[in-house]
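K.L.:
This structure is in structure tokens; I'll ask about it shortly.
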Amino acid sequence: MLITTDFPGNRPARALAYGGLAINGAILIVLGTVIAPHAWLSVAAMFVVGVVVSFSGVLGEIVAAGQRATLLLFVLPLCTPVGPIPERLLGWLIALVVCVPAALFLFPPRHHDELRRNAARVCGLLADRLEGTASARDVTRAMNELYASFLNADYRPVALTAGSRALVRVVDDLGWISDRVTDETGELLGAMRGTAVRVLRDSQAVLRVEDLADRAASEADLRAALAEQRVAARGTYRDDIAEILSKPDDAAAVEVGHALLIRRTISATVSVTGRIIRNAALADARPVWARVLGRGLPKTGIADWVMPEAVAVAAIPKGLLTTRSVVLRNSLRTGLGLALAVAVTHAFPVQHGFWVVLGAMSVLRSSALTTGTRVLRAVAGTAIGFVLGAVLIELVGVDPVVMWILLPFVSFGSAYVPEVASFIAGQAAFTMMVLINFNLIAPTGWRVGLIRVEDVVVGALVGILVSVLLWPRGAKASVSKAVQQARAVGAEFLKAAVQRVTRGDSEEATNRVVTLSHAGLEAARTLDDAVRQYLSENGGPSDQRAPVVRSANRATRVRGVAELIADVVPPPLGVYDTTRAAIEDHAKAICARLTGVDPASTLMPIVDTFVLTLRAEATADGPHHDLAVSAALPLLTVAAHLGELELLYPQPAESVH
């Protein structure tokens, strides 16, 4: 248990996870023991358990961390000679009594929750950057660490709770701010710099605090900072609109508009980042019963919406199932591979059948190529471990006292080596531990190691066969489709959000925006899954992987901008009609370049168009009064966000193959 399971989170969360594993383990031990004598029932059950357990990792990192142990708890009783159920359950209870306290209190893991810690560090450095005390290199290094902790995992490194999942959206926003902030940004923000810095500082404090009571105090500070920023923004933007309208010539007004665009987009993104972090803190502070039922979440807008736990449990698997995601295909491949391995143990006289299944489990990956590479490493590592173990046994013998002395060292190696060395070294260390354990149970010398090598080879061949027959191209074939789907949904979402502002709010328009927002989240999850698997398969030169990452980032950023625009309160109809039409034209051009409908679609920068049409209509209507300025503010916000996309992505979206 200690080798195969390392649950993330604080001590209460980890204790709850071990409790769930204890219950699941008892059920699977009984089920595996009961159906073990029945070949076809064993094969069918292994397929179902393999698929369900593998797919369940999408619910959160805690569930994903227990996958290997859960599968082993079913494989071992299913592929070993049938024994008394009470004795097996007693053995499981002894393992729990010994291992769980050690896991919770003896050297508890410190490497978990890196997402929150790295995000806090980026927030602090961005605040320093705005104040001129941090360099671009500092921010970039911290952001790279955040990206690494987020992407270097097969599943999103978050728990099932609403607060933990909300923080996923912070990663992209912090990445965008990091890319846009320069040495001049602090001065450009002007009066908005102080409030933006305070929001980032308080966001850092909320992310750093682990105790819920202390986090509540930090959350109150962040709430006050967000309110202060909101008040300051309203006053600043009204002054900017008035300045645009009062400039003596269009050129000067356009220059003001360009500065305003940068100020508006950075301030708005800092604000939504702070709101998401605040909402995540409020969601985590709810009682356990409220988190289980998905109740008591803070009131939010579309941009900072927090999905309830009860909705997530149904929505996340449903979205990945309907889109035929990579994780679904991998789960089916795993289930079929393990079921075929179990069938082999019943059809052929293998001495230790569970090693065949473990061999298949160790090598199955998302493509035939990566599975084949894994097979070579697994067999090589097992052979090396066998040779080293055989030499050791020949030197020291199989005396129980000697074996017990060696056991802690080989156990430590089998757990530690895979984390710091290669898969081959891990397999070698694990094989040595197997030799020691089996010679403690029944001293047979090095021969048991030879049997393990043979069984691992059989299991590995099963893994190759399944990978060749089922989706041999892996994530390469899926990532292109996922990118295209995310682009299409993002474009529709962006157009709907813009039209809700330019054409006026209505129940139909709001419902369409909400529906497309949820569809965008579903497409984003599918894309995230495909990109993770693609990156895990492709460890080659970065220039081969860069187009996929760039395309995924572009689709994600378009959805993020659409969410920000969806939170804008539409102005009253009847004023600035030409300006509204110009904004819609730019939104259509952006979407056409994104989806490839009209890749050559180009317009003059939206800032120029917005300033010129706004001044023309304002001059015609004589509106230097408060009503005209108030009506222009929402349109300015939309134009600023669209201008950001024009600056970031002036070229048509590149294809992904």
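The values are calculated or read from the model by the stated rules, or taken from the named source; none is laboratory data. Note that the coordinates shown come from a computational prediction; the quantities given were computed from them, not determined experimentally. Virtual Cβ from ideal backbone geometry, glycine too; neighbours counted across all protein chains shown. Protein only, heavy atoms only, side chains kept; ligands, DNA and RNA dropped before computing areas. Shrake-Rupley method; radii C 1.70, N 1.55, O 1.52, S 1.80 Å.
K.L.:
What does the charge count near residue 76 come to, summing +1 for each Lys or Arg and -1 for each Asp or Glu among other residues with Cβ under 13 Å from its Cβ? Present the calculation step by step, with values, prior to reporting the outcome.
P.N.:
On the way: positive: 68, 88; negative: none.
Here the charged neighbours net out to +2.
K.L.:
How much solvent-accessible surface does residue 38 expose, in Å² to the nearest 10, with a 1.4 Å probe and all protein chains in place?
P.N.:
Answer for residue 38: close to 100 Å² accessible.
K.L.:
Using only the alpha-carbon atoms of segment 171-264, report the extent along each of the three principal axes, biggest first, to the nearest angstrom.
P.N.:
Extents along the principal axes: 56, 26, 19 Å.
K.L.:
Ranked from highest to lowest mean number of other Cβ atoms within 10 Å per residue, what is the order of the peptides 505-511, 608-614, 11-17? Could the numbers behind the result be given before it?
P.N.:
On the way: 505-511: 12.0, 608-614: 22.4, 11-17: 15.9.
Per-residue mean Cβ counts within 10 Å order the peptides as 608-614, 11-17, 505-511.
K.L.:
Determine ³J(HN,Hα), in whole Hz, for all residues of segment 520-529 in sequence, where each value follows from phi through the Karplus function 6.51 cos²θ - 1.76 cosθ + 1.60 and θ = phi - 60°; x replaces Gly and Pro.
P.N.:
Once rounded to whole Hz, the list reads x, 5, 5, 5, 5, 5, 5, 5, 4, 4.
K.L.:
Another question about this same structure. For segment 188-287, report the accessible area per residue in Å² (1.4 Å probe, heavy atoms, rounded to an integer). Don't skip to the answer; put the middle values down first.
P.N.:
Working: 3970 Å² over 100 residues.
Counting only protein heavy atoms, the per-residue value for segment 188-287 is 40 Å².
K.L.:
Also, quick follow-up: How large is ³J(HN,Hα), in whole Hz, for each residue of segment 574-587 in order, when computed from phi with the Karplus curve 6.51 cos²θ - 1.76 cosθ + 1.60 and θ = phi - 60°, using x for Gly and Pro?
P.N.:
x, 10, 6, 5, 5, 5, 4, 5, 5, 4, 5, 4, 5, 4
K.L.:
In what sequence, highest mean first, do 130-136, 29-35, 641-647 appear when ranked by Cβ atoms within 10 angstrom? It would help to have the intermediate numbers written out before the result.
P.N.:
Working: 130-136: 14.6, 29-35: 18.4, 641-647: 22.7.
Top of the packing list down: 641-647, 29-35, 130-136.
K.L.:
In addition: Accessible area of residue 68, 1.4 Å probe, to the nearest 10 Å²?
P.N.:
Residue 68 exposes around 120 Å² with every protein chain in place.
K.L.:
Sort 176, 40 by accessible area with a 1.4 Å probe, largest first.
P.N.:
On the way: 176 15, 40 205 Å².
Sorted by accessible area, descending: 40, 176.
K.L.:
Once ligands and nucleic acids are excluded and a 1.4 Å probe is used, how much of residue 27 is accessible, expressed in Å² to the nearest 10?
P.N.:
Number for this one is 100 Å².
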